[in-house]
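Notes to accompany the following structure.
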There are 2 protein chains.
Amino acid sequence: MLGVKTMRVLIIGVGNIGKQILKMTHFEKVYAFDKFRKDHIPDIHWLEEFHVPEDVDTVIECASPEAVKEYSSQILKSPVNYLIISTSAFADRVFRESFFEELKVSPAKVFFPSGAIGGLDLLAAVRKNIHRVIIETRKHPKSLGINIEGETTVFEGSVEEAAKLFPRNINIASTVGLIAGFEKVKVIIKADSSLSNNVHIISVISDVGKYEFRIENLPSPENPKTSMVTVYSILKTIESLNSKIVFG
Amino acid sequence: MLGVKTMRVLIIGVGNIGKQILKMTHFEKVYAFDKFRKDHIPDIHWLEEFHVPEDVDTVIECASPEAVKEYSSQILKSPVNYLIISTSAFADRVFRESFFEELKVSPAKVFFPSGAIGGLDLLAAVRKNIHRVIIETRKHPKSLGINIEGETTVFEGSVEEAAKLFPRNINIASTVGLIAGFEKVKVIIKADSSLSNNVHIISVISDVGKYEFRIENLPSPENPKTSMVTVYSILKTIESLNSKIVFG
């Protein structure tokens with residue numbers, strides 16, 4: 001249980017991730033907005049219409065890329081910390097450019113937690129020196145809706161192209177694109193029947209070094225489609241706002 | 001050039017890393033302390049005796065583990081952001097425990113930049129679920145002062161043991177130890193004559209996933225013993241204090 005009793009938060013999207021965050025934290029006050037459900041959760045103030053209540057200091061988006069696109073303009077008008085998980089919204093260049101234009105005059109501070117991966121600390125540090133990032137995601141063929149034995153490349157291309165074909169699967173590539181520049185990122189998706197878990201391999205070529213991050217997350221027991229790592233990365237970012245110690 | 005014109009900093013240690021930081025930033029005011037040199041650098045206020053001037057908001061240590069041990073108590077009495085690079089100081093359990101005891105009542109906020117590596121974001125997120133971290137560092141035999149062909153294991157043991165034998169080489173292991181717990185970290189040092197650059201391989205076994213980070217930094221052109229990545233990681237942390245966007 002993360003005690004952040006001075007924080008007043010608005011959670012957008014109370015699905016698996018949002019529920020886990022609420023279970024594992026103790027905020028002073030929690031507002032919640034979800035277009036599709038309003039489950040009974042103790043001590044939650046459900047919003048009927050989307051807005052950022054005046055006493056909120058932190059907004060946590062764990063809903064969908066559509067929610068990021070729909071509500072960011074309103075959120076950026078408020079002096080809040082804004083944590084964004086559904087970064088695939090930013091694979092849309094038009095939205096991306098308007099978001100960062102609005103951010104210039106916004107009183108908000110935006111946080112992109114690491115989500116399902118790691119190494120954003122290093123990527124952000126060397127971002128001006130990056131030549132190329134390759135993000136290879138390997139999944140069991142069943143997760144990709146195909147039926148093969150062995151290994152095959154399902155997709156190879158830009159983040160923008162991947163976003164059209166696999167809209168629910170490119171938060172990682174989008175976050176990396178936001179750091180390194182979308183034009184430097186290549187996405188590879190492979191089906192591999194030998195895997196029991198999804199594997200992400202992020203390879204970085206830069207002026208100052210070569211890096212490879214191999215990430216194999218175990219599925220969350222309560223929802224096999226997500227991993228607890230995403231929840232923990234949000235908690236880490238929330239904690240860093242309040243903690244006396246910050247890593248990375 | 002990173003413009004952080006509202007910051008008033010104290011830099012401890014003005015060697016290769018400190019000089020690079022000064023070259024690449026524009027602070028409002030810079031105090032500097034270095035036991036061993038006081039090179040002429042424009043617009044720097046050299047301190048004769050160590051203290052934290054009252055108008056300083058950020059202290060950047062890039063000196064040595066000895067400096068961390070000697071000055072941290074004084075720094076922790078001030079309401080500053082305190083960036084620590086020479087984390088090998090924390091391989092000393094007695095110092096470590098007294099530091100974190102003092103931090104409890106300190107008005108300071110402590111930052112551990114990623115230094116020469118990456119993935120601290122993920123490590124910090126899953127830290128309560130980590131079983132074991134192995135940090136394998138591979139260097140050319142010459143860098144380890146030995147003369148062999150091929151590959152051989154030079155050291156295998158705890159961070160504390162490594163700190164005694166390789167006191168200048170365990171910042172990475174110490175930073176990881178601070179996150180995961182020193183008792184969970186195993187250090188392996190290998191000589192490998194096939195390498196042209198140092199390679200660090202960080203393997204993490206946790207309840208929520210398995211991770212491997214492979215890091216090969218190129219030596220800095222001005223000082224082959226350090227890499228520019230460490231400098232960039234400090235700049236990234238400084239920037240995150242002022243930026244509207246924070247990653248990881």
Some residue of region B:66-77 being among the small types (Gly, Ala, Ser) and part of a loop (DSSP other than H, G, I, E, B): no
Cβ pairs under 6 Å, 6+ apart, first in region A:104-116 and in contact (Cβ under 8 Å) with a residue 24 or more places away in the chain and farther than 17 Å from A:GLY248 by Cα, second assigned to a loop (DSSP other than H, G, I, E, B) and among the aliphatic types (A, V, I, L, M): A:SER106/A:LEU76; A:ALA108/A:LEU76; A:ALA108/A:VAL80
Positions within region B:174-198 being within 18 Å of B:PHE100 (Cα to Cα) and either within 14 Å of chain A (Cβ to nearest Cβ) or modelled with pLDDT under 95 (or both), in sequence order: B:SER174, B:THR175, B:VAL176, B:GLY177, B:LEU178, B:ILE179, B:ALA180, B:GLY181
Hits in region A:212-234 - residues which are facing chain B (nearest Cβ under 7 Å), in a helix (DSSP H, G or I) and among the aliphatic types (A, V, I, L, M): A:MET228, A:VAL229
Evaluation of A:ILE201 against (1) facing another protein chain (nearest Cβ under 9 Å); (2) touching a residue at least 60 places away in the same chain (Cβ under 8 Å) (one fails), failing number: (1)
Selection within region A:209-248 - among the acidic types (Asp, Glu) and out of contact with any Gly (no Cβ under 7 Å at 6 or more places or on another chain): A:GLU212, A:GLU222, A:GLU239
Pick from region A:129-160, criterion of a type outside the set (Gly, Ala, Ser), assigned to a strand (DSSP E or B) and surrounded by fewer than 15 Cβ atoms within 10 Å (Cβ to Cβ), ranking: nearest to the other protein chains (Cβ to nearest Cβ): A:HIS131
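Residue-wise test of (1) within 30 Å of B:GLY157 (Cα to Cα); (2) surrounded by 14 or more Cβ atoms within 10 Å (Cβ to Cβ); (3) more than 14 Å from chain A (Cβ to nearest Cβ).
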| position | (1), (2), (3) |
| --- | --- |
| B:LYS35 | no, no, yes |
| B:HIS40 | no, no, yes |
| B:ASP43 | no, no, yes |
| B:VAL52 | no, yes, yes |
| B:ILE75 | no, yes, no |
| B:PRO79 | no, no, no |
| B:ASP121 | yes, yes, no |
| B:ARG127 | yes, yes, no |
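The values are calculated or read from the model by the stated rules, or taken from the named source; none is laboratory data. Treat the numbers as computed from the prediction; the structure is a model and nothing was measured. We place every Cβ from the backbone using ideal geometry, glycine too, and count neighbours over all the protein chains shown.
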